[in-house]
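The values are calculated or read from the model by the stated rules, or taken from the named source; none is laboratory data. Given the structure is predicted, the values throughout are model-derived calculations rather than measurements. FYI the Cβ positions are ideal-geometry reconstructions off the backbone, even for glycines, and counts take in every protein chain you see.
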Amino acid sequence: MTALRPERDAADFAAAIEQLADPLSDPLPQGAAGGPAPAAEFRPREAPVPPPPAYEQQQYAQAAHGTGYGAPGLYQPQAPGTWQPAPAPAPAPPPAPESWGRAEPLPDGGRVVRRSGGQAETAVLPAVDPGSEPQPAPGGRAARRRAAAATPEPTGAAAAAPTAAATTAAEPDALPGGRAARRKAAQEATRRGGRRTARPEPPDAAEAPETAATGRTAATGRTRLEARRAARAARESPAVIVSRIVGELFITFGVLMLLFVTYQLWYTNILAHQQAGGAAKSLEKQWDGNTGASRDPGTFSPGQGFAIMYIPKLDVKAPIAEGTSKTKVLDKGMIGHYSGTQETAMPWDKQGNFALAAHRNTHGEPFRYINKLVKGDKVVVETASEYYTYEITSTLPSTPPSNTSVLRPIPVGSGFTKAGRYITLTTCTPEFTSTNRLIVWGKMVDERPRSKGKPDALLG
């Protein structure tokens with residue numbers, strides 16, 4: 001407890017002593033026996049008024065000089081060590097600094113700026129919606145400072161990039177009108193620029209009348225006529241459709257032709273070799289079980305095999321069948337014997353021309369390389385009982401298909417002048433066509449029974 005200050009009046013001290021005489025009004029504690037305590041123990045004094053904190057004293061001093069909050073003279077210093085509130089005088093506006101002035105609105109929407117020097121400078125500014133301007137936070141400057149200090153500062157990407165709301169609030173409206181007008185202007189600029197930056201927002205209820213009045217859809221920003229024109233431009237023209245169909249047909253035709261060529265040049269050879277090989281093996285098996293004499297000409301049915309031809313130089317082994325039918329003989333990879341209206345001799349005949357035909361390309365192509373045969377090359381024909389060996393003598397590179405004189409008993413153009421036992425090989429030329437015929441002739445030089453084994457031409 002602090003001692004009584006000497007500046008208190010003696011009258012006040014006496015009045016306080018008199019009040020202690022009444023035990024009912026004595027606020028001091030009682031004695032041990034329930035009675036009043038000894039007078040020496042009671043030292044009444046008035047509780048001093050504690051001074052305000054240092055920051056409040058500073059605020060009061062600023063208020064007294066017109067620079068803090070509150071009216072000047074609100075608190076006046078009293079006797080040393082005490083502070084008592086003083087009557088508040090009429091508030092006076094603080095003097096404005098030289099660096100800023102206070103704007104007063106004018107009736108016509110402008111503003112006047114008054115300087116502190118006493119001179120007024122008037123500047124007509126555009127009217128601003130009070131609702132669009134940021135309002136100060138409630139409370140005094142100290143409350144706003146504490147609220148700002150309590151707000152956490154953004155970190156990372158949030159601190160580097162300003163938000164869209166802050167950017168929008170900082171920039172003034174570039175276009176007159178409401179939000180709908182600005183949005184439509186942005187959509188129109190985006191459409192003309194050819195690149196859409198963001199999806200347009202759906203119109204609000206307040207914007208619906210304006211959208212309906214302009215006739216533009218909220219999704220694309222176009223009128224119905226513009227939308228129809230854009231759809232018509234995006235639609236393919238008949239010429240484009242026709243060209244696409246023609247192109248697809250050409251592609252399909254090309255694929256089919258490729259498949260057909262593959263079938264003709266590759267797959268038909270595989271099938272013909274299988275069929276010809278089966279026919280040759282069937283003949284050999286038949287001959288091994290029947291060693292009878294050769295049959296007379298004309299006793300074979302069309303397509304029936306009766307002999308096997310060997311061309312050692314070309315590594316050819318193919319069965320010989322009766323007739324030159326394309327489907328029954330030639331397409332099966334076999335060699336056909338001219339018969340019927342173009343009847344020719346058999347190998348076992350004493351004289352005559354044994355004429356044969358076969359494919360040069362596709363379907364086994366047994367006569368593919370007969371153009372490489374030269375004079376002296378051997379051709380062997382095996383029958384049920386004999387081996388007949390022929391020697392090549394001459395070649396006719398090309399002749400029309402109508403020249404049947406090459407099939408006569410003494411072939412025309414072969415160089416033979418008298419009757420004998422000859423062989424004639426015919427095939428198409430040039431390759432992969434049937435325009436002309438290639439002819440190869442030969443004469444018999446050896447006849448050997450099968451019981452004596454193979455001839456020298458097959459052994460070599």
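Summary of values
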read-out: Residue in region 341-364 that is part of a helix (DSSP H, G or I) and either farther than 22 Å from residue 265 by Cβ or touching a residue at least 12 places away in the same chain (Cβ under 8 Å) (or both) present; value: yes
read-out: Matching entry among 304, 274 (being surrounded by 11 or more Cβ atoms within 10 Å (Cβ to Cβ), modelled with pLDDT of 90 or more and more than 27 Å from residue 449 (Cα to Cα)); value: 274
read-out: Residues (assigned to a strand (DSSP E or B) and over 23 Å from residue 378 (Cα atoms)) located in region 300-325; value: 323
read-out: Test set (1) surrounded by 22 or more Cβ atoms within 10 Å (Cβ to Cβ); (2) at negative phi; (3) at pLDDT below 95 - residue 381 fails condition number; value: (3)
read-out: Odd one out for residue 362, checked against (1) crowded, with 18+ Cβ neighbours inside 10 Å; (2) of a type outside the set (Asp, Glu); (3) within 60 Å of the chain's Cα centre (by Cα); (4) at negative phi; value: (4)
read-out: Filter pass, residue 427 being polar (S, T, N, Q) and at pLDDT 95 or above; value: yes
read-out: Condition check for residue 336: assigned by TED's automatic domain parsing to the domain that holds residue 430, over 29 Å from residue 260 (Cα atoms) and touching a helix residue (DSSP H, G or I) at 6+ places or on another chain (Cβ under 6 Å); value: no
read-out: Scope region 384-403; condition surrounded by 14 or more Cβ atoms within 10 Å (Cβ to Cβ) and within 15 Å of residue 437 (Cα to Cα); matching residues; value: 394, 395, 396, 399, 403
read-out: Residues satisfying the stated conditions in region 365-374, i.e. aromatic (Phe, Trp, Tyr) and either within 12 Å of residue 437 (Cβ to Cβ) or not in a loop (DSSP other than H, G, I, E, B) (or both); value: 367
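Residue-wise test of (1) free of Cβ contacts under 8 Å to residues at least 12 places away in the same chain; (2) at positive phi; (3) not hydrophobic (A, V, I, L, M, F, W, C).
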residue: 261; (1), (2), (3): yes, no, no
residue: 268; (1), (2), (3): no, no, yes
residue: 272; (1), (2), (3): no, no, no
residue: 281; (1), (2), (3): yes, no, yes
residue: 284; (1), (2), (3): no, no, yes
residue: 316; (1), (2), (3): no, no, no
residue: 335; (1), (2), (3): no, no, no
